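Computed from the coordinates by the stated procedures, all read-outs in this text should not be read as laboratory data. The shown structure was predicted, so the numbers you read here are calculated from the model rather than taken from an experiment. Because the Cβ atoms are built from the backbone with ideal geometry, glycine has one as well, and the counts that use them run over all protein chains shown.
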């Protein structure tokens, strides 16, 4: 083959060759995310329906009765919120450190 007849690969954002046949699209990724979310929601609904026994919950002096499934889902969501907050704090910390390094590099030695 001569150089002029060699196939040229399409380069992605990072400069890696990517085939046009299996290129991921935003619509495809959105569809996969929605399908996965629906499957998780179905599993959560089944979990809640199978755990309808009431338990007594005490929280900061408040007392109430809640189904076990709902209490566990609320606890999981609360844990997820704590993880998201700590992750966001770390991202802010890393961005400020990067900004400081860029400012030092611009000022020179």
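Of the residues 72, 62, the one with the fewest other Cβ atoms within 10 Å heads the list, and the complete ranking is 62, 72. Applying 0.36 nm per residue to the separation of residue 70 and residue 37 and subtracting their alpha-carbon distance, the gain on full extension is 10.0 nm.
Short-range pairs are left out: with C-alpha atoms under 8 Å and at least six residues apart, the relative contact order of the stretch 52-109 is 19 percent.
From the alpha carbon centroid of the stretch 31-58 to that of the stretch 86-109 is 40 Å. Could you pull out which residues in the stretch 77-95 have an amide N less than 15 Å from a spot 7 Å beyond the Cα of residue 47, following the Cα-Cβ vector? In the stretch 77-95, the label zone of residue 47 (backbone N under 15 Å from the point 7 Å along Cα→Cβ) covers 77-81.
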